[in-house]
Structures are given as structure tokens and as C-alpha cells.
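Working notes for the structure below.
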Amino acid sequence: MGNFIKAALIGSPVYHSKSPNLYAHMFSTHGVSGSFSVIDLSSENLHKIRDIAKERGLCAFAVTMPHKRDIIKYLDNTTVAATKLNSVNLAVVKDGVFTGYNTDGTGILHSLSATGIEVADKRVLIYGCGGAASAVGYSLKNAGANVFMTARSKEKLHAAAEKIGVRVQDGLELSNTDIFINSTPLGMTNNPEFESFDFLQSAKRGLHVCDLVYSPAETLLMKKAKALGFSVQNGEGMLKFQAEEAFSVIMRTFKI
């Protein structure tokens, strides 16, 4: 492979992705030649991923919604963290072996820290129970946060919370919450919006709202929270930091 990295992002939809620009910057910063493409791959066609990777000569591919869990069945190995989370956001292909990683947790910790938010001993409520929610919850818990999860699907919620060892909260009650994280697609471009933002009215002073959505850059959730005097951030920081960690994994794997 030399010093050339051929990578891609798979997911659906991926039209809004900033990953190509992020990887272009990292290629330039590290003096590495490479290409990064975007592959809109539906759930029905996910089973073709190994053939697609082989045909395109990919050495790695990032994984986004809705494939972070379903991709695992098409991989040969997963790291301890990815196995625990049952979620993969990076797959590396070396000598025909597909290995799954999860760098989302590193991404959220660095993102919050860069915003000046410390998580130790803070009460965090995560809305959602998908792959990103699990990775975020797992990492925040290990960093000393008191983590709760809530979601519309109660069955999936309890399974996800039990797997990573955090507690379940019934509904969006924020009176005791220090950090609220939206890990659902609600508010994302071309996706449904929150039905109501009344839950923000009960929030305690000093609440920090982190919306993992980054398109649009300022979601309606963030606007409503800011109007009430709360600090906010979008998902761009998490995207940047998890991509940097993923890039480091690729560099180490191929000793570049």
C-alpha cells in the first residue's frame, strides 16, 4: 500500500458528511497521500460491503448511521470496546481481514473538554439508545460521569443501558441534569424535529446541551437552549476528534 491511504465513509444518508474535508486535512497535516470517498449504502445493500471494499481497494472505511451495529456481522474481528458497545464506526482492512473499532467515545470526551466542560461527577442524560448513544454513555461513565439514558423505544433503551452499565430515566426530565446529549437524528437536515421543547423549561441553571447533530450547524434544539441561557455545542467537535482517533488507528495499523 505504500504511504497511500484509500478510505471511505459508508452510511445512509451521507450527503451532509464533512468527513472528506476532515480526512483531506489530516492527509495534508501528516504528509500522507490518500483519498476519501463517500458511499451511500442502504441497509438492504450492507451485505455487499466486503465486495465493495475489495473492488475499491479500501484499506479502511468509517461507518455512520444506520450501520454502526449491523456492520459487525460482516467483520472478522472487533476490539474490546467495539464488542462491548456492539457498535463500530471504523473498519480497517489488512491482509483481507476486516477489524472493527469504535472511536466515538474518545471523540465526545475530547469534544466536551475542548468546550471547557468537565464530566467527572456530572449527571448526564443521553437521549437515544443507538450506537452513538452507547459509545458516548460508555465513555462518559468511565470518565466518572453519572450517566442516564432515555429513548422512545423502551425495549431497546433498557437493553442498551444494561449493556454499558448505565441507568435508565423515564422521559426528558432535566431538573437534575448537568449535561444533556441528543444522540438521535431529530433536528438533522431532512429529518423530523423534536415534537416539543417544553422539557427545556424544567432544566436546572448551568445546563450544557450537546447535540450530536452537526447539519445544520445550529439545530433548533440548540437555539431553544441558548434562548433560555444554556451553553450549547453541536456534534462537529465529536466528529473531528473521533476522526482524528480513527486516522491514528489507520496510521498505526499500516505503520505509516
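For the range 156-171, just list the computed ³J(HN,Hα) in residue order, Karplus coefficients 6.51, -1.76 and 1.60, θ = phi - 60°, integers in Hz, with x standing in for Gly and Pro.
5, 4, 5, 5, 5, 5, 5, 5, 9, x, 10, 8, 9, 10, 8, x
Report the charge-dipole magnitude of the chain in Debye, nearest 20, computed about the Cα centre from +1 at each Lys and Arg Cβ and -1 at each Asp and Glu Cβ.
360
Scale the Cα Rg of the range 105-237 by the rule-of-thumb value 2.2 N^0.38 Å and send over the ratio, two decimals.
Normalised Cα radius of gyration, the range 105-237: 0.94.
Tell me, S19, S248 in order of fewest to most beta-carbon neighbours within 10 Å?
S248, S19
Of P192, P13, P66, which has the largest mean-square fluctuation in a 10 Å C-alpha GNM of the chain?
Sorting by GNM fluctuation, first place goes to P192.
Beta carbons within 10 angstrom, averaged per residue: use that to sort the peptides 129-135, 108-114, highest first. All intermediate terms of the calculation are to be shown ahead of the outcome.
Numbers: 129-135: 27.3, 108-114: 20.4.
The densest-packed peptide leads the list: 129-135, 108-114.
Taking the 0 to 90 degree range and rounding to the nearest ten, how far is the long axis of helix 104-114 tilted relative to the main principal axis of the chain, both from C-alpha atoms?
Value to nearest ten degrees: 60.
About the Cα centre of the range 80-147, what is the dipole size in debye to 20, counting +1 per Lys and Arg Cβ and -1 per Asp and Glu Cβ, all else neutral?
Working: 5 positive and 4 negative charges, 26 e Å.
Roughly 120 debye for the range 80-147.
Sum up the charges of everything whose Cβ sits under 14 Å from the Cβ of M149, counting Lys and Arg as +1 and Asp and Glu as -1, but leave M149 out.
Numbers: positive: R123, K141, R152, K154, K156, K163, R167; negative: E155, E162, D170, E173.
Once all neighbours under 14 Å are counted, the net charge is +3.
Measure nothing fancy, just the Cα-based angle from helix 131-142's long axis to the longest principal axis of the chain, in degrees from 0 to 90, nearest 10.
Long axis of 131-142 versus the principal axis of the chain: about 70 degrees.
Starting from 0 in steps of 5 Å, tell me what percent of the Cα-Cα pairs of the chain lands in each bin.
Spelled out per bin, shortest first, that is 1, 6, 14, 18, 19, 16, 12, 8, 4, 2, 0, 0.
To the nearest 20 Debye, how big is the dipole of the range 1-103 about its Cα centre, given +1 on the beta carbon of each Lys and Arg and -1 on that of each Asp and Glu?
The dipole of the range 1-103 has a size of about 140 debye.
For the range 51-62, what does the Karplus curve 6.51 cos²θ - 1.76 cosθ + 1.60, with θ = phi - 60°, yield as ³J(HN,Hα) per residue in whole Hz, taken in order and with x for Gly and Pro?
Couplings: 5, 5, 4, 5, 4, 8, x, 6, 9, 6, 8, 7 Hz.
Provide the gained length on full extension for the span D76 to I117, in nm with one decimal, where the gain is 0.36 nm per separating residue minus the Cα-Cα distance. Kindly include the intermediate steps, with their values, before the conclusion.
On the way: separation 41, 0.36 × 41 = 14.76 nm, distance 3.70 nm.
Gain in length upon complete extension: 11.1 nm.
Can you give the calculated 222 nm mean residue ellipticity of the chain, where each DSSP H run of n ≥ 4 adds -39,500 (n - 2.57) and the sum is split over every residue, rounded to the nearest 500 deg cm²/dmol? Don't skip to the end; give the middle numbers.
Details: 8 runs with 86 residues, N = 256.
Theoretical 222 nm ellipticity from helices: -10000 deg cm²/dmol.
Under 5 Å between amide H atoms, partner at least 5 residues away or on a different chain: which partners does S231 have, H built in plane at 1.01 Å?
Here V209 satisfy the definition.
What is the set of long-range amide H partners of R167 at a cut-off below 5 Å, with H atoms built 1.01 Å from backbone N?
V147, M149
As I understand it, the value is the acute angle between the Cα axis of helix 236-253 and the longest principal axis of the Cα atoms of the chain; what does it come to in degrees, rounded to 10?
30
Kindly write out, for the range 173-181 in residue order, the coupling ³J(HN,Hα) from the Karplus curve 6.51 cos²θ - 1.76 cosθ + 1.60 (θ = phi - 60°), rounded to whole Hz, with x marking Gly and Pro.
9, 10, 5, 10, 8, 8, 9, 10, 10
Kindly work out what percent of the DSSP beta bridges joining two residues of the chain are antiparallel, to the nearest 5. List each step's numbers first, then the result.
Details: 8 of 40 bridges.
So the antiparallel bridges in the chain amount to around 20 percent.
When D76, D178, D95, D70 are ordered from fewest to most other Cβ atoms inside 10 Å of their Cβ, what list results? Could the numbers behind the result be given before it?
Working: D76 12, D178 20, D95 4, D70 15.
Sorted ascending by nearby Cβ count, the order is D95, D76, D70, D178.
Bear in mind these aren't lab numbers, they're just calculated from the coordinates by the rules spelled out. These figures come from a predicted structure and were not determined experimentally. Heads up, the Cβs are rebuilt from the backbone with ideal geometry, glycines too, and the neighbour counts pull from every protein chain shown.
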